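Just so it is clear, none of the values below were taken in a lab; they were calculated from the coordinates. Please read all numbers here as calculations on a predicted model, not as lab measurements. Note: ideal-geometry Cβ built from the backbone for every residue, glycine included; neighbour counts use all protein chains shown.
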Amino acid sequence: MLKRVIHFIIILLLLLPFVLKSQTISNLRYAKHFVSGDTLVIDSLSIIPQSFVLLDSLGQPIDSNYFKFDDAKSLLIFNNSHYKNTTITIKYRVFPYNFSKIYYHKDINKVKKRDTLSNANYFISFQEAPTDVWGFGGLSKSGSISRGVSFGNNQDLFVNSSLNLQLSGKISNEIELLAVITDQNIPIQPEGNTQQIQEFDKVFIQLSDKKTKLIAGDFEIQRPKSYFMSFNKKSQGVMLSSSFNTSKNIKYTNENNIVASVALSKGKFARNQINGIEGNQGPYQLIGNENEMYIVVIAGTEKIYIDGVLLVRGQENDYTIDYNLAQINFTPKKQINKDNRLVVEFEYSDINYTRTLFFVGNEWINKNYTLRFNYFSEQDLKNQPIQQDLSTKEKKLLTSIGDSLQDALSYHIDSILFNTNEVLYKKIDSLGFDSVFVYCNNADSAHYRLSFSNVGQGNGNYIQINTIANGRVFKWIQPISNQPQGNYEPVVLLITPKKKQMITLAADYLLSKKTKLSIETAFSNNNINLFSTKDKNDDNGFAIKMNIINKQNLWKTNKNNWNFISEISSEIVDKQFSPIERYRDVEFDRDWNLTTLKIKENEYVSGLKLTIINKNNEFISYQFVNYLKGKSFKAYKNAFCFNLNSRNYFYFFDGNLLKTNYTKTTSEYFKQKSSIIKKFEHFSIGIKEEQEKNKIKNTYNDALSANSFSFLQGEIFIANPDSASNKFNLFYKRRYDWLPNDSSFKLSTLAENYGFSTDIFSNTNNALTLNSSYRKVLIYDTLLSKDEASKFLVGRLEYFSNIWKGLLKTTIFYEIGSGLELKKEFSYLEVASGQGVYSWSDYNDNGIKELNEFEIAIFQDQANYIKVFIPTNQSIKTFTNQYNQTFALNPSAILKNNNSFNKFIGRLYYSAIYNIDRKVIDNNPQIAYNPFSTHIYDSVLVSINSTFKNTLFFNKTNAVYGIDFNYQQSNNKILLINGFDTRLYLLKGIKVRWNINKVLSLFILYNTGNKKNTSEYMKTRDYNVSFFEIEPTISLQTNSRFRVSVFFKYTDKQNTVSVLKEKTALNKIGTEIKYNILSKSSLVGRFGFTKVAYNAQENTSLAFEMLEGLKTGENYLWNISYQRNISDNLQLNVNYEGRKSNAIKTIHVGTVQLRAYFN
């Protein structure tokens, strides 16, 4: 048995480099997938037909010729590698079942036929256990593993791999194994648009018995039972937890709980406080602790609060987050305004140093007392830098600055050899200024690589300029009177290695059955610069908290037992104490008027709390708290709260009065929330009130400080219970805001909110969800308020309908709002050969990679680059609307074939998909919220991404013949830092299929349309290409194993906006042969010859589009693919592609992949 356990542990440790996936459950789903292979399992449930929408990385619909889709199995199979290594977006709805799965109560395959000579009423059969080729014994397992090699004479050798493995079961009588491991080589974060997230790059392996649990791989260390020690850390390593009883006497309990973890920390904790912007639903940009602008948030670590209330992630909830761009957008459920206080706590990827994490926790529980010990240590290894390579000079700088981290600025100017892969500079003398760096791409002088940082306007000598260079370019600006005129300098802020440690000791002791004493002490060590020995006097600190709770029974009634709870607490925090993360309430500083108090002193908090409460959570509570910070700040607070109900009336009040005294100011801060709700049989009516008045006075003149404020908000609402099948909520809010004016308050603004929401699900064929809120702000005093009068509307509508037994099916998603549209900036990064999306063509033959020389690769061996968008701090205020609709009309659902007219109409089937995401600068509702306005050159239009695709089928399910009429239109407009880029695509087509007999079939495809591209900055990419194409195909299939097809395709294209009237004609002829042995193997061969005629220069972006990546003259393309199931668990795939064009060498690309299945 021991050998078997060791065997499994070795296997699991070998699998540690792989990652874990998790799935979400929801009817309406939005998902993004990185395409690393030819097959994607979209969901574990069957997908509702006609609800499936597939978009590429630009938001454009993917033509159905590129993929096959099995809605029952939720399988997406790409016909070629065109979309490999790209991110696709999938929108769909799911059934609550998997229709491809077999369901049964009894397995009929195990029932034997009755022997006519036997009189037995039943039979016993024995089934041999399947052979376990993997040696996993009786474990439940599923998934697959693959290894592949891609090679060719136009690309480097590339090895790819993937793993998807799930294991569960017992490996011994006591030890249970759970492992979920997935690896798709995906270096990106998941989307944060659902409440649950699908994580990449994660391993989870767990061995456990009744008392002990061992986890290896990726896990989260959560906050222990501690007041001062607060953290939630995503880590990678090993964690052991165990629970056991140390008492030999069964009458007494001495339970001991131990947790120990040794790991590498994945990220660094950060806390952002953001003021809401009126009418801006997002995006809100997150920054790092060192003001890093471009960070990656670790998925699932964020906690977002509005006015102290924790929000829920998800497009159907409160917010969505882009982890890769560190941007937050709020849904219509949370209308953001100037009065909102946003707090975001998160971990972000910080790879400057290798960071170790060590945690030990021990809890000892006795009958009368509980003891707890926790130790936490997180430390950067200063001699193992990752992202920054520190020179000896830079290390000396970090040693000399102590804790003055703002002084860790170092010029980042490297002298290197010339290369074409990055932006380089030459050094010159200009106007008496030496060491001026100028962008240059000449091999004889461009020998300097610079890293620039934004140091603020007037503090730098460089500014960013717009160029076609593949990267950011900065230009030197001459100082005026020795005053810098720019905002960038070739400097970087060096990041120091840090160490944070904490020890806590805590005890709970039962003084009596009704009285408990709790005490906790904490010691912290916060070293923010491990290179330096200076400024270490403030690294160590301590804190202590003690409280006594007593609970007494007061009286009994017919319905409730009332208890009296009294609590006395005291807390001392040393001024050098440094918590790991926030341990107090999220708005503690605001509640005590500490937001502008920048003093570092010892803190003393003491309080008394008295509560009367029953089991129905009805209570009355009073609290007094005294707070001292050093000798200069004194404060005390009285708080009163109750929650009572009587005869379906519910009363709530929570209020407190704070008084503070500081050296130069005094304050009086009153705030309260209250509500009265009357519940009827089917609905409730209520009123709410919220009020705050914060008077901060200067002691020397008795005038109100600028930080003083006052507001009063009232709300009336009517709603029905959440348990109702059809729900609604209607409310009206009014808020008055006063701002200080000398020694008194003066009314500054008035805001009104109207809102309505409903969920209608009582009818299974129709479902409606609606959420809408309208806000209006009036300005009473423009001298006091910096805001402007405004009106904003946000809302969302979701509708599903199935009318007349499936005659008409439609789904609608419509969302409106307002926010910011960030100007985008992008560059292209080189990746492994054939693993990118874009190819580079040196159009001007200068050897320099420029932005206007990258195209979406036609052939995979040329796809060596990916496009990376870089967020900027430049934005435009916009009004947004998003509309998605699917529509299907099926007359055969209600028509009977009792006459010729019904037969004809019943053969028709119509489906349409319309998607639009539109942003404008005009707040006129007819313009801002109209989802059907797609005029792309409208001056008020900032951004648009729209797609309209519809198909009319005739004889869709007929086995003999059918005709499809297609119409597609897509518009795309994007705001870049150097102007707008627009793209338009229009396609009209007919597809005819005719099975002439059992062996011969004819297919005819005819398309006409145009493609238009316009760029404000890169005019060489402007074109408007009209085209038409026809492609007949004859297929001969003599049996189920063999099929041969012959095809011819003619394409004609012309650029209509150029004086040259560029024109091309492509004549393509080819054949495809397929040989298949059922469940064994398949062989597919394809050969094509294309004759290309073109009347203009080939080395341009227009030529790349018109020639489809080919060359003028004769072009040959061929492909052979072979697939074989070697066994039930093993599959071999071999693929070979080749092409030959005029004046270009023959290109050969081969791929071999072996895939094994765990079952």
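Cross-link partners of K805 among lysines, defined as those whose alpha carbon lies under 17 angstrom from its own and excluding same-chain residues fewer than eight positions apart: K896. For the chain, a crude dipole built from +1 on the beta carbon of Lys and Arg and -1 on the beta carbon of Asp and Glu, taken about the Cα centre, is about 3600 debye to the nearest 20. Full extension of the chain segment joining I1030 with Y1122 gains 30.2 nm, where the gain is 0.36 nm per residue of separation less the Cα-Cα distance. Put simply, the amide H of N98, placed in the peptide plane, has neighbours under 5 Å in S46, leaving out anything fewer than 5 places away on its chain.
Fewest-first ordering of D654, D70 by other beta carbons within 10 Å of each residue's beta carbon gives D70, D654. Taken about its Cα centre, the range 842-997 carries a charge dipole of about 1080 debye when Lys and Arg each add +1 at the Cβ and Asp and Glu each add -1 at the Cβ. Electrostatic bookkeeping for F1028 treats Lys and Arg as +1 and Asp and Glu as -1; over the other residues with beta carbon under 12 Å from its beta carbon, the sum is 0.
Relative to the dominant Cα principal axis of the chain, helix 2-14 is inclined by about 80°.
Dividing the summed helix terms, -39500 (n - 2.57) for each DSSP H run of n ≥ 4, by the number of residues in the chain produces a 222 nm estimate of -1000 deg cm²/dmol to the nearest 500. Applying the criteria of a DSSP loop state and at most 12 other Cβ atoms within 10 Å to the trypsin sites (Lys or Arg not before Pro) of the range 660-692 yields K664.
First check a/c for the range 409-493, with a ≥ b ≥ c the square roots of the eigenvalues of its C-alpha gyration tensor; if it is under 1.5, answer rounded, and if not, answer prolate when a/b is larger than b/c or oblate otherwise. Here the range 409-493 falls in the prolate category. Counting neighbouring beta carbons within 10 Å and listing from fewest to most, the residues E520, E681, E752 come out as E681, E752, E520. Do the alpha carbons of any pairs in K849/K1019; K170/K233; K534/K575; K234/K499 sit beyond 24 Å of each other, and which pairs? Exceeds cut-off: K170/K233.
Within the range 742-832, the trypsin sites (Lys or Arg not before Pro) that combine a DSSP coil assignment with at most 11 other C-beta atoms in a 10 angstrom radius are K786, K805.
Sorted largest first, the principal axis extents computed over the alpha-carbon atoms of the range 530-642 equal 69, 25, 22 Å.
Please work out the C-alpha center-to-center distance from the range 541-582 to the range 600-638 and express it in whole Å. So the separation of the two Cα centres works out to 10 Å. Counting only aspartates and glutamates at least 8 places from K991 when in the same chain, those with an alpha carbon closer than 20 Å to its own are D63, D964, E1029, E1031, D1052, E1072. 3J(HN,Hα) along the range 376-382, derived from phi through the Karplus expression 6.51 cos²θ - 1.76 cosθ + 1.60 where θ = phi - 60°, amounts to 10, 9, 10, 9, 7, 8, 5 Hz, with x in place of Gly and Pro.
Backbone geometry of the range 549-556 corresponds, through the Karplus equation with coefficients 6.51, -1.76 and 1.60 at θ = phi - 60°, to 3J(HN,Hα) couplings of 10, 10, 10, 10, 7, 8, 7, 10 Hz, x marking Gly and Pro.
Taking each of K303/K475; K516/K629; K516/K634; K877/K1053; K695/K877; K333/K956 in turn, the alpha-carbon distance tops 32 angstrom for K303/K475; K877/K1053; K695/K877; K333/K956. Between the range 965-984 and the range 684-704, the C-alpha centres lie 51 angstrom from each other. Axis of helix 392-401 versus longest Cα principal axis of the chain: the two differ by about 30°, to the nearest ten degrees.
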